[in-house]
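In what follows, a single structure is set out as structure tokens and then discussed.
Computed from the coordinates by the stated procedures, all read-outs in this text should not be read as laboratory data. No experiment lies behind these values; they were computed from the predicted model shown. Ideal geometry is used to build each Cβ from the backbone, glycine not excepted, and the neighbour counts take in all protein chains shown.
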Amino acid sequence: MFKHVTESLLSGQFICPTAFPDAFDYLSKAENFSKVDAFLSQLDRELCVLEGEEIYYAAYAQIDNDNRSQIKEAFSEIRSQLRPVVEWMDMVMTAMGQDMPIRARDEIRMHKLLKMIELEPSLCEQMNRLTQTALFKTSKTTINDQLSWILQKLEQCGYLVKPNPQGGLYIVTGKMNYLHQIIAFLNDAEDLELDKQANRDENQQQGLFS
Amino acid sequence: MSFDQAQVAGLIRKIGSADQLLAKAYIDGTLFVDEKNQHAIDSLKKSGLLRIAEQSDEFRLTTDIKRLIDRLLLRNPRYRQNTSIAKMIGNIADDIDAYRAALEQNEQDEANYHLEQIDDSLYESLEMLENSLSVMFTAITSQFGFVNSLSSKIRENERALSYAQQLVKELSIINTKDCYEWISCWAAPTELSGKVIRFIDQYKSIVVRLVSIVDRMKTLLFTLRLQEQTANRTRAMAQFLKKHPEWQPREWCDESEVPALLKRNKGLVFNTGINTKKSSQQDELIQLIQELKRQSNPIKPLDTQRDAIPVDSSETEGIEYCSDYYEAQIEDLFSLAIEKQGHKVSALQYRQTAELQIKPELWLDIVFAKYCCMQQRFKQTLDIEMDGQDLPDFNGNQLITEIWLRRAR
């Protein structure tokens, strides 16, 4: 298990109960955590736990000129995925009529989601828009094919796992929680005022219906 | 069989004989009188099992029987109970006074009656608290699973927390030290002191569990609020990204102090070579080579001699966000219709007032198309009516000459 865990961490994976249940159980034991952390420290890395979550990942302990390009590359990947993945989350929340965020362990049932999207022309339009973005780009035209493609892409990028390759059930992984934390970070660091915007929207919505 | 026993048996028989009617009343909420059930309903009403609802021909289960079924079938569990501890203590104190008086006058039957009342009251209050605690515990472990949305979960958690805190406050009225002192100074009979001591023991365990439930509820409420914040932030981020198509996060990795969250590396690719000198691996290596030789479609090696491709090095420029004038006008029209409750708003009238330089047919077309594209929840707030003429030959198709919008009731 040590080999599997360290290889997964070094290859940039997030160890969460959904995507790597055995590795997660292994790291949940304090002695294993220390063992893996000690091994990573020899490679100038450390074992991190996502703030307030039970999700493990490896990060550089120190930044120097040798590894800065590696970090930049990892952040570039997240930067390029931020826009399409956030829009996808917004679409799923609207389609399913849910006020819960999409987080690790959530289940996405393709057929249920497809049914809800097909009922709503604006969501179909949003699907078409999403499949024009670089991450989800495809020439597929039916909503069924487009949704299936998007879910496959999210699986490839590590945001979803598919427990049964033949089934239509996807489970959200810890990488989605990492993305939420990136959004929170950007909100604070770049003064995006997203929390104020959310409150304003809520008040406006209430105002419209009062 | 004593008279009392016969009375209880009669009531249970009545419940049994009206099983279908009572089950229907429990599941459907109400029963309606007709020729067939008139007699049975009258009899059940007389026995206190049914009560009249809003209409004289409509009947419901009485609260006692409904609660009894709820409790026995563990359905519709409720953690909120009428827990007025002071009232409960007052009732028990009255019963104890009556019990003491009966003992002093050596009226054994009456004393037994009061002792039974005390036992019932103590048991009932403990059972009520235990039940309340168990439902609250289930609510916490299932994250208030009896409601679906996050906002409902937060609301339920807040209500349950306020109830549990009030309960802790209520329970603090009982001073166990005073209870023990009271029993010893009065030299209460062992039947009574045994009951009171059992009550105090169980009460202490309830208070400890309740305090832990309050702590867990606070933690859960905090977690749910964090989730709510995350959901709202995701929505706001999606809106922000739509409004600012040019926006890109800053290159935070170029900063001298890289934020801890971004110190992640993209991931190593593990490529391992083969140690050809290791004799234990030679067999597998030979097999691999033979397999590669047999391949009908060998893997083409990477072409390292290919021509260079020029890279477009011109800098990307941000483009201004272009808002659509007519889309904004349609949004204004819809807002106007929502504001003017009870009044129909004419799309053509609006076009005239706003002096829109667009043909009326085209204007009506885009208003209708925009309405069709709205999300269902917004559509539900606006009713649309259309004037027009049916087109010949095509069943259901119309030539629209006017669109009226009105805020839905």
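Structural remarks
- Using a cutoff of 8 angstrom between alpha carbon atoms and counting only pairs six or more residues apart, the relative contact order for chain A works out to 19 percent.
- The helix-only estimate of mean residue ellipticity at 222 nm for chain B, built from DSSP H runs of length n ≥ 4 each weighted as -39500 (n - 2.57), is -19500 deg cm²/dmol after division by the residue total.
- Listed residue pairs exceeding 28 Å between alpha carbons, taken from A:175/B:379; B:242/B:379; A:72/A:115: A:175/B:379; A:72/A:115
- Cut-off under 5 Å, modelled amide H: who pairs with residue A:12 long-range: B:268
- Residues A:153, B:277, ranked from the fewest to the most other C-beta atoms within 10 Å, line up as B:277, A:153.
- GNM top mover of B:194, B:145, B:342 - chain B, alpha-carbon springs below 10 Å: B:342
- Pairs of Cα atoms nearer than 8 Å and 6+ residues apart set the relative contact order; for segment A:1-84 it is 23 percent.
- Between B:289, B:52, B:319, the Gaussian network model of chain B with springs among Cα atoms under 10 angstrom shows the greatest mean-square fluctuation at B:289.
- Relative contact order of segment B:305-409, defined on C-alpha pairs under 8 angstrom at six or more residues apart (%): 32 percent
- Taken one residue at a time, the phi angles of segment B:26-39 give Karplus couplings (6.51, -1.76, 1.60, θ = phi - 60°) of 5, 6, 7, x, 9, 10, 10, 6, 9, 4, 6, 9, 3, 5 Hz. Gly and Pro are set to x.
- Selected from B:216, B:60, B:233 as most flexible by GNM, with chain B as the system and alpha-carbon contacts under 10 Å: B:60
- Couplings 3J(HN,Hα) for segment B:102-109, derived from phi with the Karplus relation 6.51 cos²θ - 1.76 cosθ + 1.60 (θ = phi - 60°), are 5, 5, 4, 8, 6, 9, 5, 4 Hz, where x marks Gly and Pro.
- Sorted by Cβ neighbour density within 10 Å, fewest at the top, the residues B:136, A:100: A:100, B:136
- With the largest listed first and rounded to whole Å, the semi-axes of the equivalent ellipsoid of segment B:185-276 from the Cα gyration tensor are 62, 26, 12.
- Taking θ as phi - 60° and the Karplus parameters 6.51, -1.76 and 1.60, the scalar couplings of segment A:123-131 work out to 6, 4, 5, 5, 4, 4, 5, 4, 6 Hz in sequence order, x denoting glycine and proline.
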